[in-house]
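What follows is calculated from the coordinates using simple rules that are stated; it is not laboratory data. The structure presented is a predicted model; accordingly, all values stated were derived computationally and were not measured. Counting neighbours? That spans all protein chains shown, and the Cβs are built from the backbone with ideal geometry, glycine included.
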Amino acid sequence: MPLENNLRAMRADHGWTQESLARAVGVTRQTIHAIEKGGYEPSVRLALELARALSVRVDELFWLGGTTKEGS
């Protein structure tokens, strides 16, 4: 199952650019872009840091493909 995400929408809702979010969590802008496009699966640590930076739960940002965000 692919890992799906809501990072782009959450980032935009919070007014962050890819660059500013990347700096906040210590990665490159290209990493944020790759995660948003589904071409890169972040480590658990990075997923937690992204969730913290955006003040959301990890499961609001990432979920397994084929399931809803609530896991059903």
(message) Using a 7 Å offset from the Cα along the Cα-to-Cβ direction at both residue 4 and residue 58, what is the distance between the two label points in nm, to one decimal?
(response) 2.0 nm
(message) Above 14 Å lies some portion of the pair distances; for the chain, what is it as a whole percent of all C-alpha pairs?
(response) 55 percent
(request) For each of 14, 33, count neighbouring Cβ atoms within 10 Å of the residue's Cβ, then give the residues from fewest to most. (result) 14, 33
(message) If packing is taken as the average number of other Cβ atoms within 10 Å across a peptide's residues, how do 40-48, 4-12 rank, most packed first?
(response) 4-12, 40-48
(message) Quick check on the chain: helices-only [θ] at 222 nm, where DSSP H runs of length 4 and up contribute -39,500 (n - 2.57) each and the sum goes over total residues. Nearest 500, please.
(response) -14500 deg cm²/dmol
